[in-house]
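Below you'll find the structure, written out as structure tokens, and then a few comments.
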Ligand code: SF4
């Protein structure tokens with residue numbers, strides 16, 4: 001029987017509860033947002049004891065279905081001031097599902113000045129004081145857990161940034177090979193730091209695993225789902241060989257790169273940092289161009305990036321990081337971008353937020369555009385050490401802009417805009433503006449339909465409706481525990497949605513329809529998140545893009561952002 005595991009850090013107690021009936025059929029983002037909405041006062045300080053950090057695996061996590069082992073983390077965000085859900089790969093979703101832990105809720109905060117580790121296994125959870133790993137980066141924590149708990153152990157941890165409660169801090173997740181994935185966005189690492197939890201180690205040895213209501217039906221549907229994903233051309237010929245970095249050349253072609261802090265949609269040296277160049281580099285050095293970060297990954301969009309001496313540098317080097325730090329900051333050297341990515345993983349900061357903050361620091365004259373050595377120094381000697389400058393940068397693009405009086409700051413709800421300029425791909429601009437998460441490309445990925453030619457990204461027609469449709473789907477997919485990239489197969493293959501519905505019904509024993517699972521669940525999630533944000537004091541004025549997107553036309557298409565507030569607000573008419 002699944003349970004809710006509650007950890008109270010105020011009195012260092014652990015309790016286990018029955019799952020309330022209204023939560024029983026939820027998972028992932030639907031569950032974290034439901035719990036945060038129900039239990040966190042919207043007006044609370046996000047780094048105070050009244051905020052709660054909630055982890056929930058997806059509705060399909062722990063099953064044999066491919067690409068279903070995403071973990072959602074939720075809380076009130078110290079970065080945006082609104083509700084936050086951030087999803088990550090790695091092994092912890094599968095482990096929590098197998099242990100029968102539907103949600104893990106960490107609440108309160110200790111009065112004493114000490115750090116703690118939470119260990120979870122089949123006998124329950126224990127809180128113990130942690131001294132040895134405090135002040136250490138995420139790589140050291142994961143290595144230590146591999147030795148202490150076992151090579152296959154799961155782990156969630158914070159690095160230096162989380163300990164300093166920087167609002168750009170993330171939560172790292174150990175992957176199946178001991179490498180790092182992240183709950184990147186929204187400063188959830190600072191929330192974990194505010195609870196004084198350095199790490200959560202998980203051991204699922206000896207647990208029984210999950211029960212399916214209809215195993216035969218599940219097996220049949222899971223096979224169709226898997227075949228559909230494996231055969232999807234964009235996955236087989238794009239995502240798998242090149243990772244998300246395959247987008248560098250495509251987005252350059254579309255004129256939507258964030259080059260020079262969103263001054264140009266194209267970058268002359270884009271080939272040097274492209275997915276194709278990354279693959280060639282990795283292959284020439286004996287690394288792995290395709291790598292799965294979670295059990296049962298059929299897509300393998302991650303990679304193992306090695307240096308010239310074949311030594312591991314980083315994994316999960318994503319389009320967003322490459323594009324914002326590369327074209328965005330005029331750094332055209334993949335090795336230097338990979339080195340920065342490694343540092344950000346180790347320090348435990350969101351690479352989108354940090355790349356945005358670094359671009360703002362360049363605007364402020366702290367660094368010159370193109371100064372890769374300066375970026376590495378800034379991360380190592382300022383952010384990791386928590387110097388005053390490091391804390392400013394570590395708190396993200398918005399804080400850096402405020403402190404240095406820079407107005408060219410690409411954020412929405414104080415969260416850095418990802419690596420697609422919204423002027424030539426207008427649907428993604430609607431997503432940035434309206435998502436309750438703040439600027440977040442994964443919340444309604446309008447890039448896919450635009451690149452596929454299903455909609456003209458330069459025109460406003462249909463973009464609000466497209467973003468709404470995609471945000472419903474993303475909220476549902478984040479609740480199922482499915483990788484966003486599997487969405488390519490779900491939307492491109494007519495057999496895939498029925499198979500997905502069969503899997504969900506066979507897992508839960510329900511008899512729901514596609515309509516129930518996608519638009520209804522998705523709209524429910526968005527509505528409760530929006531209500532939380534309104535109660536927290538966010539208004540429609542925060543559903544806006546920064547002024548410079550409207551004031552400046554972006555080359556090469558010379559387009560400006562031209563949605564009115566009223567047009568954007570129509571998003572919420574559902
Ligand atoms: S598709 Fe990418 S993000 Fe998803 S599990 Fe595989 S490697 Fe991880």
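Quick notes on this structure:
- Here the gap between residue 50 and residue 205, fully extended at 0.36 nm per residue and compared with their Cα-Cα distance, gives a gain of 52.5 nm.
- Contact order normalised by residue count of the chain, Cα under 8 Å, 6+ apart, percent: 16 percent
- Each residue in 305, 432 was given a count of other beta-carbon atoms within 10 angstrom of its own, and listing them fewest first yields 305, 432.
- Each residue, residue 380 and residue 220, gets one label point 7 Å from its Cα in the Cβ direction; the gap between the two is 5.9 nm.
- Least to most buried among 183, 469, 270 (fewest other Cβ within 10 Å first): 469, 270, 183
- Efficiency of FRET from Cβ geometry, residue 553 and residue 333, R₀ 41 Å, rounded to 0.05: 0.85
- Difference of contour (0.36 nm per residue) and Cα-Cα distance, residue 368 to residue 123: 82.8 nm
- Ranked list, fewest to most other Cβ atoms within 10 Å of each Cβ, for 315, 86: 315, 86
- Here the range 471-574 yields Rg over Rh of 1.10, to two decimals, using C-alpha coordinates and the Kirkwood radius.
- Contour minus Cα-Cα distance for residue 564 and residue 402 (0.36 nm per residue): 55.8 nm
- Share of Cα-Cα pairs in the chain lying beyond 36 Å, as whole percent: 26 percent
- Whole-number percent relative contact order across the range 90-217, with pairs defined as alpha carbons under 8 Å at least 6 apart: 33 percent
- Principal axes of the range 400-493: Cα extent on each, largest first, Å: 49, 31, 18
- Across every pair of non-identical alpha carbons in the range 235-330, the mean reciprocal distance, once inverted, gives a Kirkwood radius of 13.4 Å.
- Here the translational diffusion coefficient of the range 141-245 follows from Stokes-Einstein with Rh set to the Kirkwood radius across Cα pairs; for 37 °C and 0.692 mPa s it amounts to 198 µm²/s.
- Cα gyration tensor shape of the range 1-143, rounded if a/c is under 1.5, else prolate or oblate by comparing a/b with b/c: rounded
- Spin-label model, residue 309/residue 38: points 7 Å from Cα along the beta carbon direction are separated by 5.3 nm.
- The range 407-562 shape via C-alpha gyration tensor axes, a/c threshold 1.5: oblate
- Principal axis analysis of the Cα atoms in the range 327-432 yields extents of 38, 30, 24 Å, listed in decreasing size.
- The percentage of C-alpha pairs in the range 270-397 whose separation is greater than 17 Å is 56%.
Each reported figure results from applying straightforward, stated rules to the coordinates on display, with no laboratory input. Predicted model only: the values in this text are computed from it and were never measured. Here the Cβ is made from the backbone with ideal geometry for all residues, glycine too, and neighbour counts use every protein chain on show.
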